[in-house]
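The numbers here are math on the coordinates, done by the rules we state, and not lab data. Given the structure is predicted, the values throughout are model-derived calculations rather than measurements. Ideal geometry is used to build each Cβ from the backbone, glycine not excepted, and the neighbour counts take in all protein chains shown.
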Amino acid sequence: MIRSFIKKIMILLIVIPLALFAERKVDVSVDRTITNLRTPITLTIEFTDFSDFPKFDFDFGDDFQIIGGPSQSSNFSWINGKTTSTKKLTYQIVARKTGKLTIPSFEMEFKGENYKTNNINITVNSQTQTNQNRKSSNSNNARQKISEQVNEQLFVDPICEKSSVYLGESFVITYRLYTQVNIADYNITKISSIPGFMIEEQKQIKNPEVTTRIVNERKYKTVDLFNLILTPTETGKLEIPPQNVRVEVNTQRQNTDPFDSFFNMSRNKVINSIAPAKNINVLQLPTGEPESFTGAVGNFKLSVNLSNSEIEANQAVTLKVRVLGEGNLKNFTFPMPHFPSQFQVFEPKMKENIGVKNNKVVGDKIWEYVIIPDAKGDYKIPPIKFTYYDLKKRKYTTLKESNLRLKVKRNEHLVEERLKNLTRNEVELLNKDIRYLYLNESKLKSLDYSPVKDFRNWAFYFIGIFVIITFFIYRLYWHFILNNPLIVRRQKALTIAKKELDQLPSDTIKAFQKLSVIFNNYIADRLNLKGGEIFLREIVENYKKKKIDGELLIKIEFIWKDMEEKKFAPNLINKDKLEEMKNGILSLMEKLEKIK
Amino acid sequence: MNIKVFKNRNFVKYLVKMFIIILLLNMNIYAKDNNYEREAIFKKAVSEYSKKNYEEALNTFQQLENTDKVSFELLFDVGNCYYRLDELGEAIQYWEKAKKLNPSNDDVNFNLKLANVKLQDKVILPKPFFLFKYYHSIRQNINIKHWMNYLGIIFLVTIIIFIIPKFFNNKRRLQRKILKIFFIPKYILILLLIIISVVLFDSINYNNNNKFGIVVVNKIEVKTEPKESGETSFILHEGSKIKILSKFNRNWYKISYFDDKIGWIESNKIGEI
């Protein structure tokens, strides 16, 4: 046990210093320096005495493209006490153009030290040149020989009918295999992305048809391997990069070795055949596209139908919109139709059936809109429009379906359901009918009638305010009158006179004297004259100023003179005469009262 | 003041003259419009309605509506026509318009009650305190015109009650008797005057500051902002009564539903009351 432990320690003590002082190096190698556009190059980066793969980044620019790898391998050897640790990274690359190209050197850092690789020059010839050069190639590797030989007899080409397409226009690239050898099997690498394009589909052709074609005066069997449906997402000159196709070929060794030929007549060999890059010019669509354009490019037809043209409210109906034709079917959606607000519309369910026929993307797309109308009515669905860019006419074309009508009836079941939520009173009310019409109009009012603006509604307030104002004016007026003795004297003249006339003494002479005083006082009060002796002339002048009736003036003069006469002959007065005089005076006073 | 002064004939005559003038003015204004042509159109519409030609009846009624003047009966009948044509939103709109002219009319209140049962949108609000409930009911159903007149009469009577005793300053005993009779009615009238004034002015204020509308389309999406692409805040159905808060661009109204939900609505989808 102890001995074994010491042995392990000893080994470690020997190995660790060797590892520490081992010289780290990075080598880059390729399996060929002369190649063509269809033959992949195996690039191997070998790290000697690295405990781990260092991080590095290399850039081939536009010259080469990685089509496979990296695959990792590591090797540890101990030969004659010398330990060597080797790690390898292997890439499959392919040249993207012909000529003399260089795999540039690249730098990496590992544990504080910098390492740099060498440049490798590669000569890339066209296919024919390689064939010629092959004879002069001094490669002694038998396997490589077979590969080159097979590569010459087998190649894959991308076939595309169009060299320029519109943005959004789907097109098909068919990868066609040309072969003079027997193919056992082939394997297509799944293409994950192509810059500037959207890969709609990579479709392997099942049961491909074998045809014979002549290329460069040589006869080839051709097979279409797969279709690549692409839609450009950018404009300009875009490149579809080289694609690697693994083909298993059945090779027959032309070997002189009878032993070998006896046991092994034929072998299968896996060949990586490169389909070269393809350039496509992507054009911008013209401006001024209609509102209903959602990116469809090609040639399409539109069909729209309703699953039912007459339904009950709150029942579903399906509006089926079908777009069929050729073009970028995968790459557009249908513009949302404008439905009436009474419709509840769900997100459409989409079905598509897209394929490739004669190198064109064809098929149809169906959108199913489930519609639930809320209320009854006869609805006209607004025109359903679809616009695409017609590649043949080179302009935008709008398809329209405008004759869709949907009749929605009352949903009796729903009405019953609603009734369940009503109170008893409400249900009773529902069974009643509305009140009948009014048969005649009464009062007409303007449309913007407002009772506040109608002054008639303020009539009582006006009257009330008028009464208040009048009352105060009245009070003020009488306050003024009562405080003016002259006016009071004038106003009260008749009242006082009448009162005194009622209280005449029974004696005729005294009564006459009193009557005379009453009349005298009345006239003095009315004309605002000083009491005592009044002259007829004075009275007449005053009344003349007031422009009284002449008859009245004569009557005053007559009564006045009559009384003057009777003063000197009181015996002439009897009771009848007194009464007559009294009435005459009273009548005169009432007439004079009217004179202001 | 002297009782004899009160008997001043000239003043009394003057007062009587003024009363007669005011009354005659009113009588003249209240006189019914003798528009026979209008009457004939109205009768034709009624006859079409009774023959169940509701659309024809509606068109005929609308000829009258298009003139400057309308009547409660016309608006009520137009509402009935819309109801018969199954246009519940318009029916409610016209009955509400009629109710504005005659809020206490039993027929219009019954029709509105019946129509409201048929509405899809129902909001059950918590029951308010009974006094508030009565007050809101009074405020909404009060006939402003009638109540203005009642208030005017009370105002006038109160003034007269205050003035009359002033004329009996010379007859103290009679004056005391009158004051005694008028004592309680005077204070009742003052109280009535105050209460009716408050309710009436609040009601006028409520009617002037609140504009209402009725949804006249089957269904409407109330948006959060005044544009078609705006997010839907809530959905209203035909006949729902909404309060118009403000107007934007003539095409959009800011509305509230039961003072709870607020949003924007296209103006052509509601009928203003």
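Structure notes:
- For chain A, the longest principal axis of the alpha carbon atoms and the long axis of helix A:550-568 meet at an angle near 40°.
- Computed [θ] at 222 nm, helices only, for chain B once each DSSP H run of length n ≥ 4 contributes -39500 (n - 2.57): -19500 deg cm²/dmol
- Anisotropy class of segment B:36-117 from Cα gyration tensor, a/c 1.5 cut: oblate
- Cα-based shape type of the protein assembly as shown, given that a ≥ b ≥ c are square roots of the gyration tensor eigenvalues and the cut on a/c is 1.5: prolate
- Inter-chain Cβ neighbour average for residues A:426-437, partner chain, 10 Å: 6
- Normalised alpha carbon radius of gyration of segment A:2-127 [divisor 2.2 N^0.38 Å]: 1.36
- Within straight-line reach of A:Lys82, meaning a Cα separation under 19 Å, sit the following lysines at least 8 residues removed in sequence or on another chain: A:Lys7, A:Lys8, A:Lys25.
- Using the Cβ-Cβ distance between A:Thr287 and A:Gln344 with R0 = 30 Å, the FRET efficiency computed as 1/(1 + (r/R0)^6) comes to roughly 0.20.
- Scanning chain B for DSSP H helices at least 24 Å long along the axis (C-alpha atoms) with a Kyte-Doolittle mean no lower than 0.0 picks out B:9-30, B:144-163, B:172-209.
- Compared with the direct C-alpha span, the chain from A:Lys100 to A:Asp549 gains 146.7 nm at full extension, assuming 0.36 nm per residue.
- Average beta-carbon neighbours from other chains, 10 Å sphere, peptide B:73-80: 4
- Note on B:Lys52 and A:Lys432: their simple-model spin labels are 2.4 nm apart, each label 7 Å out from Cα toward Cβ.
- Computed from the C-beta positions of A:Lys237 and A:Asn80, the FRET efficiency with R₀ = 45 Å rounds to 0.15.
- A straight Cα-to-Cα reach below 17 Å connects A:Lys407 with the aspartates and glutamates A:Glu310, A:Glu312, A:Asp374, A:Asp378, B:Asp86, B:Glu87, residues fewer than 8 places away in its own chain not being considered.
- Pairwise FRET efficiency - B:Ile178 versus A:Thr470, Cβ, R0 = 22 Å, nearest 0.05: 0.65
- Sequence-distant lysines (8 or more away, or on other chains) whose Cα lies within less than 20 Å of A:Lys301: A:Lys320, A:Lys330, A:Lys349, A:Lys351, A:Lys357, A:Lys360, A:Lys365, A:Lys385, A:Lys392, A:Lys393, A:Lys395, A:Lys400
- Using a simple spin-label model with pseudo-atoms 7 Å out from Cα toward Cβ, A:Thr211 and A:Asn121 lie 4.4 nm apart.
- Relative contact order (%) - criterion: Cα under 8 Å, at least six apart; region: segment B:211-272: 38 percent
- In degrees, nearest ten, helix A:508-527 long axis to first principal axis of chain A (Cα): 30 degrees
- Taking 0.36 nm per residue of sequence separation and removing the Cα-Cα distance, the A:Ser73/A:Lys221 pair yields an extension gain of 49.5 nm.
- Legend: mean number of C-beta atoms from other chains within 10 angstrom of residue C-beta atoms, peptide B:227-237, equals 1.
- Legend: ranking of residues A:Tyr175, B:Tyr187 from fewest to most surrounding C-beta atoms inside 10 Å; resulting order B:Tyr187, A:Tyr175.
- For segment A:25-39 versus segment B:85-145, the spacing of their alpha-carbon centroids is 93 Å.
- Euclidean distance between Cα centres, segment A:41-64 to segment A:275-344, Å: 49 Å
- Out-of-range pairs (alpha-carbon distance over 28 Å; input B:Lys118/B:Lys223; B:Lys127/B:Lys211; B:Lys145/B:Lys186; A:Lys88/A:Lys237): A:Lys88/A:Lys237
- The order of the peptides B:92-101, A:423-432 by mean Cβ neighbours within 10 Å, most packed first, is B:92-101, A:423-432.
- Each residue, A:Leu529 and B:Asn251, gets one label point 7 Å from its Cα in the Cβ direction; the gap between the two is 9.5 nm.
- Helix-only [θ]222 nm of chain A, DSSP H runs n ≥ 4, -39500 (n - 2.57) each, per residue, nearest 500: -9500 deg cm²/dmol
- For chain A, the longest principal axis of the Cα atoms and the long axis of helix A:459-482 meet at an angle of about 40 degrees.
- Whole-angstrom gap from segment A:569-596 to segment B:255-269, using each part's C-alpha centre: 90 Å
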